[in-house]
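Accompanying notes for the structure given below.
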Amino acid sequence: MEQTKVVLADHEIPKQWYNIQADLPKPMSPPLHPGTGKPVGPGDLGPIFPMNLIEQEVSQERWIDIPGEVLEKYLIWRPSPLIRARNFEKLLAAPVKIYYKYEGSSPAGSHKPNTAIPQAYYNKIFGVKRLSTETGAGQWGSALSMACSMFGLECRVFMVRVSYEQKPYRRMMMNTWGAECIPSPSDRTEAGRQVLAEHPDSPGSLGIAISEAVEDAVAGGSESRYSLGSVLNHVLLHQTVIGLEAQKQLEKIQVYPDVVIGCAGGGSNFAGLSLPFVRDRIHGKQVRVVGAEPASCPTMTRGPFAYDFGDLAKKTPLLPMYTLGHDYVPAPIHAGGLRYHGMAPIVSHLLREGLIEAAAYDQIETFDAGVRWARSEGIIPAPETNHAIAAVVAEARRAKEEGKERTILFNFSGHGMVDMAAYDAYLSGKLVPHQLPDKEIQRALKAIEGFPKP
């Protein structure tokens, strides 16, 4: 029987991250300074990020060495296993082979430590003492809290209020690792106070939480910086350890996927698995790459490609991305990690150039898929991961209808063991379908009227 689990040895862990910007057929549009409208230079980002991470953000080099201190921490759980989902295949009864890269094996339970650890390391050696960040469902906040504890940094996390209330165990994880977790919008920042003055019962959004975290970081002076868990180039760069490992593992069993799938909110886990395969596609390999997003926050499938701010208070540069507008406040769905108004510039560029695809799924459909997975494969997926599994189900259905065999690879971005309130809502019938109304998209997009065009 063909191997069900492919595990790499410690010495086979990637020693470099992959930067797809070196292979893009067409260069990306640059981020713009909101004041001058000119491309942002490294110095413009200095108050927010340490220069060593800014260098990675703007780098065009194909391979960037992973520091030994980061590799040492990665080896706590990496390389992560590649597993064939034989029982799920039987359940779907379709001509498919399904492989998944299990990122739930990290101490924080998701893919997020892949970038949290290098970000904490680079800030530490730059002389930073405290990091501020935001988090949606709490995976990123948990991961950065853990990474900061490993490198002796203080950590302050602004957590989207609805997730803070829905997912108390995420907050407890952050506290256990020594971080301070604050529900956002809060009265700690001017950005938060402005939102609360207009909307006292605001459920919050990642755009609001980012504004608070950036403001808090800048107010901390030279020993404080901001840290982001998705969207930016250096974050996606760090996540490519997922796809690079997967390629090695598939090569060992002489398998290559027809379709590569990941859930997509800001773009980090999707890009982490897919970018090495997109490189293959650029160089002639036949492979489809699909990003699965929520129907209630359909950035790639219903938003325009435009310049927009990454946050509500307009403290970030203007980024070229698919967006629903920076003041869009998503519905309080349980997949909190996917509730972001914009998509990573790299992912947006690839979608615009036709190198990847996007599909949107309703939360009922995703939990249907996640429960079927749990009852066949045993692992309870995070609500975000359920979107990737729903896309796998759709691909299997298509293969069955077409009568064509298909090999599917997807990123199991995290387990759902601290997301059981979401499953309780689904199993008790309290979860309802939610499609974003056109009128809400049109309202939100008024915020970017008059912005420069990419």
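The values are calculated or read from the model by the stated rules, or taken from the named source; none is laboratory data. All values reported here derive from a predicted model rather than from experimental measurement. Because the Cβ atoms are built from the backbone with ideal geometry, glycine has one as well, and the counts that use them run over all protein chains shown.
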Hits in segment 139-163 - residues which are under 13 Å from Ala179 (Cβ atoms), of a type outside the set (A, V, I, L, M, F, W, C) and part of a helix (DSSP H, G or I):
Gly141, Ser142, Ser145, Ser149
Considering each of Val255, Val214 in turn, give the residue that is of a type in the set (A, V, I, L, M, F, W, C) and modelled with pLDDT under 95.
Val214
With the requirement that a residue be crowded, with 24+ Cβ neighbours inside 10 Å and assigned to a strand (DSSP E or B), what does segment 303-317 give you?
Asp308, Phe309
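Could you pull out the residue among Phe451, Phe410, Phe367 that is in a loop (DSSP other than H, G, I, E, B) and among the aromatic types (Phe, Trp, Tyr)?
Within the list Phe451, Phe410, Phe367, the selection yields Phe451.
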Scanning segment 231-258 for residues that are at negative phi, assigned to a loop (DSSP other than H, G, I, E, B) and of a type outside the set (Ser, Thr, Tyr) gives Leu232, Ile253, Val255, Pro257, Asp258
Pairs where the first residue, in segment 431-454, is within 17 Å of Asp308 (Cβ to Cβ) and the second is in a loop (DSSP other than H, G, I, E, B) and acidic (Asp, Glu), C-beta under 8 Å, 6+ apart:
Ala444/Asp327; Ala447/Asp327
Given the criteria touching a Ser or Thr at 6+ places or on another chain (Cβ under 7 Å) and part of a loop (DSSP other than H, G, I, E, B), does Asp327 qualify?
no
Test for Leu244: is it surrounded by fewer than 24 Cβ atoms within 10 Å (Cβ to Cβ), within 20 Å of Asn269 (Cβ to Cβ), out of contact with any Gly (no Cβ under 7 Å at 6 or more places or on another chain) and at pLDDT 95 or above:
yes
Report, by residue number, each residue of segment 381-403 that is under 19 Å from Arg84 (Cβ atoms) and either charged (D, E, K, R) or in a loop (DSSP other than H, G, I, E, B) (or both).
Glu395, Lys400
Selection from segment 112-170 of residues that are of a type in the set (Phe, Trp, Tyr) and more than 22 Å from Cys263 (Cβ to Cβ):
Tyr121, Tyr122, Phe126, Phe151, Phe158
Extreme residue, surrounded by the most Cβ atoms within 10 Å (Cβ to Cβ), among residues of segment 171-189 that are of a type in the set (Ser, Thr, Tyr) and under 18 Å from Ser202 (Cβ atoms):
Ser184
Answer with yes or no whether Gly272 is small (Gly, Ala, Ser) and within 19 Å of Pro79 (Cβ to Cβ).
yes
Taking segment 274-302 as the region of interest, how many residues are assigned to a strand (DSSP E or B) and crowded, with 23+ Cβ neighbours inside 10 Å?
5
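Residues are listed down the side, and each one gets a yes or a no for (1) surrounded by 23 or more Cβ atoms within 10 Å (Cβ to Cβ); (2) assigned to a strand (DSSP E or B); (3) modelled with pLDDT under 95:
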site: Asn87; (1), (2), (3): no, no, no
site: Lys101; (1), (2), (3): yes, yes, no
site: Ala108; (1), (2), (3): yes, no, no
site: Ile117; (1), (2), (3): yes, no, no
site: Lys124; (1), (2), (3): no, no, no
site: Ala137; (1), (2), (3): yes, no, yes
site: Glu165; (1), (2), (3): no, no, yes
site: Tyr169; (1), (2), (3): no, no, yes
Pair list, Cβ under 7 Å, 6 or more apart: segment 51-76 residue more than 20 Å from Ser105 (Cα to Cα), other residue in a helix (DSSP H, G or I) and among the polar types (S, T, N, Q):
Leu53/Gln119; Glu57/Asn233; Gln60/Gln21; Ile64/Gln56
Within segment 414-421, is even one residue modelled with pLDDT under 90, assigned to a helix (DSSP H, G or I) and hydrophobic (A, V, I, L, M, F, W, C)?
yes
Among residues belonging to segment 313-330 that are farther than 9 Å from Ser205 by Cα and aliphatic (A, V, I, L, M), point out the one that is modelled with the lowest pLDDT.
Ala313
Criterion (among the β-branched types (Val, Ile, Thr) and farther than 18 Å from Gly354 by Cα) met by exactly one of Ile242, Ile261:
Ile242
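Residue-wise test of (1) at pLDDT below 95; (2) buried (at least 23 other Cβ atoms within 10 Å of the Cβ); (3) in contact with a helix residue (DSSP H, G or I) (Cβ under 7 Å, 6 or more places away or on another chain).
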residue	(1), (2), (3)
Ala191	yes, yes, yes
Pro203	yes, no, yes
Ile208	yes, yes, yes
Gly221	yes, no, no
Ser227	no, yes, yes
Leu236	no, yes, yes
Glu251	no, no, no
Ala264	no, yes, yes
Gly272	no, yes, yes
Ser413 - would you say it is crowded, with 24+ Cβ neighbours inside 10 Å, among the hydroxyl-bearing types (Ser, Thr, Tyr) and closer than 19 Å to Arg281 by Cβ?
no
Here the residues within segment 368-409 that are surrounded by fewer than 20 Cβ atoms within 10 Å (Cβ to Cβ), charged (D, E, K, R), under 13 Å from Pro95 (Cα atoms) and in contact (Cβ under 8 Å) with a residue 24 or more places away in the chain are Arg397, Lys400, Lys404, Glu405, Arg406
Subset of segment 185-219 (residues that are touching a residue at least 40 places away in the same chain (Cβ under 8 Å) and farther than 14 Å from Lys315 by Cβ):
Ser202, Pro203, Gly204, Ser205
